[in-house]
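Let me begin by presenting the structure, written as C-alpha cells, before commenting on it.
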Amino acid sequence: MEIYPGTIHLNSYLTLDEQVALVRRCNSIGSGPAGFYTPAVRGGAYMRIQMVCLGRHWNAKTYKYEATRSDYDGLPVQELPADLKDLARRVAAEAGMNIEPDICLLNCYPEAGRLGLHQDKDERPETIEAGIPVVSISLGDSAKFLIGGTRRKDPVKTIVLESGDGIVMGGPSRLRYHGVSGILSDTAPRELNIQGRFNLNFRQY
Ligand code: MD3
Ligand code: FE
C-alpha cells in the first residue's frame, strides 16, 4: 500500500522459504571478513545496531561512501552480489520504480536496537534529485518504523515492518526523515531461528 506518494509498503513480499534463505545469507555475510561491526558516529557514540556494507562502505564519521572501512578496520568492503541486486530491482519494479543498485547496507538489530530519525542523503546529488529509490527488505522480528516529512519537525507516521516486507522510498519520498523506534521481541517466524531483525537496504550511489 502507498504510505505517501513515493513510499510503497509491500506487505509479505517474500515467501517464508525466501526469508529463510536470506537470513542464512545475512548471517554468512555478517560473520565473514569485513562483516558486522558496530559503527561509532562523530563524537564517538556507538550506534545501537550492527552494520555491514556491500558495494561501498558508509563511513559513519564522515557520512561519505568509500572503498575501505577507514573508520573501523581498513578492510576492503565486500562486493554486492548479483542476486541481491536483482532482488532490489524486482522490489523497486513492484512499486513502479527503477534502481540500479550498487550499495547495500545490511543492518542487524538486537532486541534493544533502534535507529534515530535521519535522512539518507549521502548518495550522488543526481541520484537523489532523480528520486531514485531506497529499497528495503525486513527479516526477523517486526520493527516500529517512523516516517515523516522532509523537515525533522514534520509529523511522522508509525508503521510496523514485518519479516518478508519490502518498502520502497523514491520520487517525492526520497528525502523523508525516517527511523526505527523499536523492535517487537519474539515476533519473527519460528522457522527463521532469529532473535532480532535484519534489514537490507539498497541504494544507487
Ligand atoms: C529513505 N534503515 O539504514 S530501511 C538506514 O529498517 C535505514 O534498518 C532502516 O534507514 C532500517 O539508513 C529503514 C530504509 C529506508 C526507509 C525509509 C526511507 C530508507 C528511506 C524513507 C526515505 C528515504
Ligand atoms: Fe535510512
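Numbers at a glance
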| quantity | calculated |
| --- | --- |
| Cross-chain or 6+ apart pairs with Cβ under 7 Å, region 93-117 first and touching a residue at least 24 places away in the same chain (Cβ under 8 Å) and in a helix (DSSP H, G or I), then among the hydroxyl-bearing types (S, T, Y) and within 15 Å of ligand 2 (Cβ to nearest atom) | none |
| Tabulated pairs, region 41-67, first at positive phi and at pLDDT 95 or above, second among the polar types (S, T, N, Q) and in a strand (DSSP E or B), C-beta under 9 angstrom, 6+ apart or interchain | G55/Q78 |
| Unique match (being within 12 Å of ligand 2 (Cβ to nearest atom) and either surrounded by 16 or more Cβ atoms within 10 Å (Cβ to Cβ) or within 21 Å of Y4 (Cα to Cα) (or both)) among L192, L115, L139 | L115 |
| Members of region 118-161 that are touching a Phe, Trp or Tyr at 6+ places or on another chain (Cβ under 9 Å) and part of a helix (DSSP H, G or I) | T127 |
| Residue within region 191-202 that is of a type in the set (F, W, Y), farther than 24 Å from E111 by Cβ and within 14 Å of the chain's Cα centre (by Cα) present | yes |
| Residue match in region 102-112 (condition: away from ligand 2 (no atom under 16 Å from the Cβ) and either buried (at least 18 other Cβ atoms within 10 Å of the Cβ) or farther than 30 Å from E191 by Cβ (or both)) | yes |
| Subset of region 12-22 (residues that are surrounded by fewer than 13 Cβ atoms within 10 Å (Cβ to Cβ) and either in contact with a strand residue (DSSP E or B) (Cβ under 6 Å, 6 or more places away or on another chain) or closer than 12 Å to D165 by Cβ (or both)) | S12 |
| Hits in region 163-189 (condition: over 18 Å from P110 (Cβ atoms) and among the charged types (D, E, K, R)) | D165, R174, R176 |
| Residue within region 81-88 that is of a type in the set (D, E), surrounded by fewer than 15 Cβ atoms within 10 Å (Cβ to Cβ), assigned to a helix (DSSP H, G or I) and more than 12 Å from ligand 1 (Cβ to nearest atom) present | yes |
| Test: residue in region 133-153 that is over 27 Å from E18 (Cβ atoms), within 10 Å of ligand 1 (Cβ to nearest atom) and not small (G, A, S) | yes |
| Test for D71: is it within 9 Å of ligand 1 (Cβ to nearest atom), surrounded by 13 or more Cβ atoms within 10 Å (Cβ to Cβ) and part of a loop (DSSP other than H, G, I, E, B) | no |
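The values are calculated or read from the model by the stated rules, or taken from the named source; none is laboratory data. Not measured: the values here are computed from a predicted model. All Cβ positions, glycine included, derive from the backbone under ideal geometry; neighbour counts span all protein chains shown.
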